[in-house]
Amino acid sequence: MAIEVSTTERIDIVDITSEVAEAVPADIDDGMCLVFVQHTTAGVVLNENERGLLNDITRAVESLVPADEDYEHDAIDDNAVAHLQATVLGESVTVPVVEGELDLGRWQSVLFVECDGPQTRRVSVTVIDG
Ligand code: ZN
């Protein structure tokens, strides 16, 4: 199945944990859930959904791949920085499933990270019964 995610900022972080959890069938005792972003300028990470930390992640992404560089891809569609930021973040996370629930750590959330927003995106969720 897939989740639609809409954002309002160029770099924007959306907690999609509850949408991902809804995609997990209750009858899976022991399995895996793959959350996969089907885009080249957005990513997904596991971390804590705390407002200050979300701002810090945004700042870290901006500082790891600064916007004011001369990137070759900008000659094509002027969004090289977003591609590079998405590359650093990664396009997928895998979460264990135990008794129909995401087996996340106490402070872990599934965070979609838009790098070229605002946009509406598609995130695929695949659950494998182990
Ligand atoms: Zn591009």
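So the values come out like this:
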item	result
Solvent-accessible area, 1.4 Å probe, carbon plus sulfur percent, for the stretch 89-130	42
Heavy-atom accessible area per residue - the chain, 1.4 Å, Å²	56
Choice from 21, 67, 86 showing the highest fluctuation, given a GNM over the chain with Cα pairs closer than 10 Å	67
FRET efficiency estimate (nearest 0.05) - Cβ-Cβ, residue 26 to residue 107, R0 25 angstrom	0.55
Computed [θ] at 222 nm, helices only, for the chain once each DSSP H run of length n ≥ 4 contributes -39500 (n - 2.57)	-7000 deg cm²/dmol
Tilt relative to the chain, helix 80-89 - C-alpha long axis, 0 to 90 degrees, to 10	30
Around residue 9: net Lys/Arg minus Asp/Glu count, Cβ-Cβ under 12 Å	-3
Apportionment of accessible area to carbon and sulfur, the stretch 9-56, percent (1.4 Å)	49
Loop-resident sites, the stretch 22-130, for trypsin sites (Lys or Arg not before Pro), counting at most 16 other Cβ within 10 Å (DSSP)	106
Exposure rule at most 16 other beta-carbon atoms within 10 Å, DSSP loop GluC sites (Glu not before Pro): the chain longest free segment	10-47
Cα principal axis extents for the chain, largest first, Å	51, 30, 22
Rounded to 10°, Cα long-axis angle of helix 51-64 versus longest principal axis of the chain	50
FRET efficiency, residue 34 to residue 60 (Cβ-Cβ, R0 25 Å, nearest 0.05)	0.50
Computed E for residue 9/residue 99 - FRET, C-beta separation, R0 25 angstrom, nearest 0.05	0.10
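The values are calculated or read from the model by the stated rules, or taken from the named source; none is laboratory data. None of these values were measured; they are calculated from a predicted model. Note that each Cβ is placed from the backbone with ideal geometry, even for glycine, and that neighbours are counted across all protein chains shown. Each accessible area value is taken on the protein alone, full model and side chains, heavy atoms only, with ligands, DNA and RNA left out. Shrake-Rupley method; radii C 1.70, N 1.55, O 1.52, S 1.80 Å.
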